[in-house]
Every structure is written in C-alpha cells, then in structure tokens.
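Novice: My structure is below; once you've seen it, I'll send some questions.
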Amino acid sequence: MFKRTFWTAVGYSAGIGSSIYVQRRVRRTVQRYTPEHVRIQASTTTRRAVFGAKQVGRTVSDAYREGRHAMTQSNAELQREFPQAQSPGTHPQRTAPRGRIIRT
C-alpha cells in the first residue's frame, strides 16, 4: 500500500512540476513576441548594426590613412635614394612619335 501512495505522489509532483515549467516557457515565448518586446529587440539590433557599420568605416578609413602615410614615406625614401629619378608627369621635355621635341 505504501508503494502505491509513494508512486502516486511522485506522479502528481512530476505532473505539477512539468505543467508549471511548460506554463513558464509559454509565457516567456508569448512575451518575447509582444509588440513592445519586438520593438525593443529591433531597436537593439539596429543599434548594434549601426555601431558595427561605423566601426568598419573607421577601420577602413584608418587603414587608408595608414597606407597613404606609408606610401608618402616610401616615396620620400626613394627620392632620397635616387635623387635624379623623376616622378611621372614632370618630364621637362617629351618627344613625339617621330622624335620631335614637344615644348610644354
């Protein structure tokens, strides 16, 4: 008789516990899809996306500036190393296809 009472009590406890658990899960799920919560979640996601885009923009901008600075330094170093070399577009005289000199 004691076994039957014990297992009946265990069954009732398991049933009550599982129904409370399911009830809480359903409430959380319903609350997650209410308009207020969806609005908050959407605004949070949007803020994160905008922040990430700004970070990417800053990173690209910083990389561009760093590349330009390195290029300027490299160019200055080459100009010191080879002072007679001229950069393109600064030729004092250009020749035409038949060997004539074009005065600029």
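The values are calculated or read from the model by the stated rules, or taken from the named source; none is laboratory data. Worth saying up front: this structure is predicted, and the values here are computed from it rather than measured. Here the Cβ is made from the backbone with ideal geometry for all residues, glycine too, and neighbour counts use every protein chain on show.
Novice: Hey, does the stretch 54-74 have a residue that's of a type in the set (Asp, Glu) and surrounded by 10 or more Cβ atoms within 10 Å (Cβ to Cβ)?
Specialist: Yes.
Novice: Would you check if there is a residue in the stretch 39-48 being part of a helix (DSSP H, G or I), modelled with pLDDT under 85, basic (Lys, Arg) and surrounded by 10 or more Cβ atoms within 10 Å (Cβ to Cβ)?
Specialist: yes
Here is a yes/no grid of residues against (1) assigned to a helix (DSSP H, G or I); (2) modelled with pLDDT under 85:
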residue: 31; (1), (2): yes, yes
residue: 36; (1), (2): yes, yes
residue: 57; (1), (2): yes, no
residue: 75; (1), (2): yes, no
residue: 78; (1), (2): yes, no
residue: 85; (1), (2): no, yes
residue: 89; (1), (2): no, yes
residue: 97; (1), (2): no, yes
